[in-house]
Amino acid sequence: MERRRLGESGLSVTDICMGTMTLGSQCEEALSFEIMDRAYDTGIDFLDAAEMYPVPPSAETYGRTEVIVGKWIKTKPREHVILATKITGPGHGWFSPPVRGGRTALDALQIQRAVEASLDRLQTDYIDLYQTHWPDHQMRYEDTLAALGKLVDQGKIRAIGCSNETSWGLMKSLWAAEKHSLARYDTIQNNFSLINRRCESELAQVCRRENVSLLPYSPLGGGVLTGKYNESLPEGARFTDYLNNGGPRQKMMAARFVNDRTLQVTRRLATIAEDIGVSLTALSVAWSRQHDFVASTIIGATTVAQLNASLEAVDLILDQETMDRIDEIDVDIPNALREDGLRKL
């Protein structure tokens, strides 16, 4: 497994990161430990959490994932694990964040309260990478960065990043950091996969030229790129539940991911995977890792078997012919995911 530096920070991480959003909901504590142990034993030293996890978020369950991760970290040497977590940020009208009574502006008070609560749940005295889960475009970026920088100075966090941020927002934050001599974002964590390739345009240019590392989440397109939705809605799958039982926001999200275009792309990718003798899951994760602006691809799992399927990509390098065949699909069916949400921020 390769190691890559996060932006211009002192953090070097494995190029696959263990995502934890299902721990505490779809995975009870014992299974969560099994999944994290398997990732760790494979060589993965980078874990990504959030104060709002597990998903779906609720006032009753938020913080549960960090508690489980904190207990697990106690079983390992702390310096052997690179730990990332996130402060929630505004809900942008999509939902009311269940933390701190929905008061999630990215100001100094909320940032201080959030990081102290995360440190307590994680049972650690520092967080390696602290990220804003959603941007707060109504805040002055310099105020948010100043508050985060103070925590860096205090030794409570080592580096900062953002998530679900626009290209404009990332550049605005970098401009504010440079103008006011503040801490800068070294990472951006956005949705990026073979059914959502938008990061390859404007955001990739920002990342390359400004030395910010992308941490792609959902490289399997919410499970669509495993092929499990190709023929029907599988029982027990997240988007099956969203479509059958979810609220308006969840139904809309599921329809973005599971539609005629994404399924068409997935079927064509499955042919390529079969031709080169790998699983569709391994193909999708390997493709994500092969971008120069990507530092670490975040994978998730609800079973050890699912994790093992993603880990098949650890030593997989896709040759140019395969990459060209994948690009042909994008030319024929561009932007298969109906909406990535960022245009509405």
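Residue by residue, here is whether (1) within 27 Å of ILE111 (Cα to Cα); (2) out of contact with any Gly (no Cβ under 8 Å at 6 or more places or on another chain); (3) of a type in the set (Phe, Trp, Tyr); (4) touching a residue at least 12 places away in the same chain (Cβ under 8 Å) holds:
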{"residue": "GLU165", "(1), (2), (3), (4)": "yes, yes, no, yes"}
{"residue": "LYS172", "(1), (2), (3), (4)": "yes, yes, no, yes"}
{"residue": "THR187", "(1), (2), (3), (4)": "yes, no, no, yes"}
{"residue": "GLU210", "(1), (2), (3), (4)": "yes, yes, no, yes"}
{"residue": "THR226", "(1), (2), (3), (4)": "no, yes, no, yes"}
{"residue": "ARG238", "(1), (2), (3), (4)": "no, no, no, yes"}
{"residue": "TYR242", "(1), (2), (3), (4)": "no, yes, yes, yes"}
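Among the residues making up the stretch 69-91, a single one is within 21 Å of GLY43 (Cα to Cα), surrounded by 23 or more Cβ atoms within 10 Å (Cβ to Cβ) and either of a type in the set (D, E, K, R) or more than 15 Å from the chain's Cα centre (by Cα) (or both): VAL69.
Contact list please: Cβ distance under 9 Å, first residue in the stretch 266-277 and outside any helix (DSSP H, G or I), second residue surrounded by 14 or more Cβ atoms within 10 Å (Cβ to Cβ), pairs at least six apart or on different chains. So the pair list comes out empty. Taking GLU274, is it within 27 Å of THR187 (Cα to Cα), acidic (Asp, Glu) and in contact with a helix residue (DSSP H, G or I) (Cβ under 9 Å, 6 or more places away or on another chain)? It is false that GLU274 is within 27 Å of THR187 (Cα to Cα), acidic (Asp, Glu) and in contact with a helix residue (DSSP H, G or I) (Cβ under 9 Å, 6 or more places away or on another chain). For the stretch 109-126, a tally of residues being in contact (Cβ under 8 Å) with a residue 40 or more places away in the chain and either in contact with a Ser or Thr (Cβ under 6 Å, 6 or more places away or on another chain) or of a type in the set (S, T, N, Q) (or both) returns 3.
Have a look at ALA309, ALA313, ALA282, ALA286 and point out the one that is in contact (Cβ under 8 Å) with a residue 12 or more places away in the chain, buried (at least 17 other Cβ atoms within 10 Å of the Cβ) and part of a loop (DSSP other than H, G, I, E, B).
Among ALA309, ALA313, ALA282, ALA286, only ALA313 is in contact (Cβ under 8 Å) with a residue 12 or more places away in the chain, buried (at least 17 other Cβ atoms within 10 Å of the Cβ) and part of a loop (DSSP other than H, G, I, E, B).
Would you be able to tell me the number of residues in the stretch 182-228 that are under 14 Å from VAL294 (Cβ atoms) and either in contact with a His (Cβ under 6 Å, 6 or more places away or on another chain) or of a type in the set (Gly, Ala, Ser) (or both)? Residues in the stretch 182-228 being under 14 Å from VAL294 (Cβ atoms) and either in contact with a His (Cβ under 6 Å, 6 or more places away or on another chain) or of a type in the set (Gly, Ala, Ser) (or both): 4 in total. With respect to THR85, is the statement that it is touching a residue at least 12 places away in the same chain (Cβ under 8 Å), part of a strand (DSSP E or B) and not aliphatic (A, V, I, L, M) true? Judged against the criteria, THR85 is a match.
When the residues of the stretch 106-133 are narrowed to those that are among the hydrophobic types (A, V, I, L, M, F, W, C) and closer than 20 Å to ILE82 by Cβ, which ends up surrounded by the fewest Cβ atoms within 10 Å (Cβ to Cβ)? Per the stated criteria, the residue is LEU119.
Table: residues versus (1) under 18 Å from SER296 (Cβ atoms); (2) touching a helix residue (DSSP H, G or I) at 6+ places or on another chain (Cβ under 7 Å); (3) surrounded by fewer than 18 Cβ atoms within 10 Å (Cβ to Cβ).
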position: ILE195; (1), (2), (3): no, yes, no
position: VAL212; (1), (2), (3): yes, yes, no
position: SER218; (1), (2), (3): yes, no, no
position: THR226; (1), (2), (3): no, yes, no
position: TYR229; (1), (2), (3): no, yes, no
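A count restricted to the stretch 43-65 and to residues that are modelled with pLDDT of 95 or more, more than 15 Å from the chain's Cα centre (by Cα) and either within 17 Å of SER118 (Cβ to Cβ) or among the aromatic types (Phe, Trp, Tyr) (or both) stands at 4.
Taken over the stretch 290-306, the criterion of being surrounded by fewer than 23 Cβ atoms within 10 Å (Cβ to Cβ), under 23 Å from ARG268 (Cα atoms) and touching a residue at least 60 places away in the same chain (Cβ under 8 Å) is satisfied by HIS291 alone.
The values are calculated or read from the model by the stated rules, or taken from the named source; none is laboratory data. For clarity, every value in this text was computed on a predicted model and none was experimentally measured. All Cβ positions, glycine included, derive from the backbone under ideal geometry; neighbour counts span all protein chains shown.
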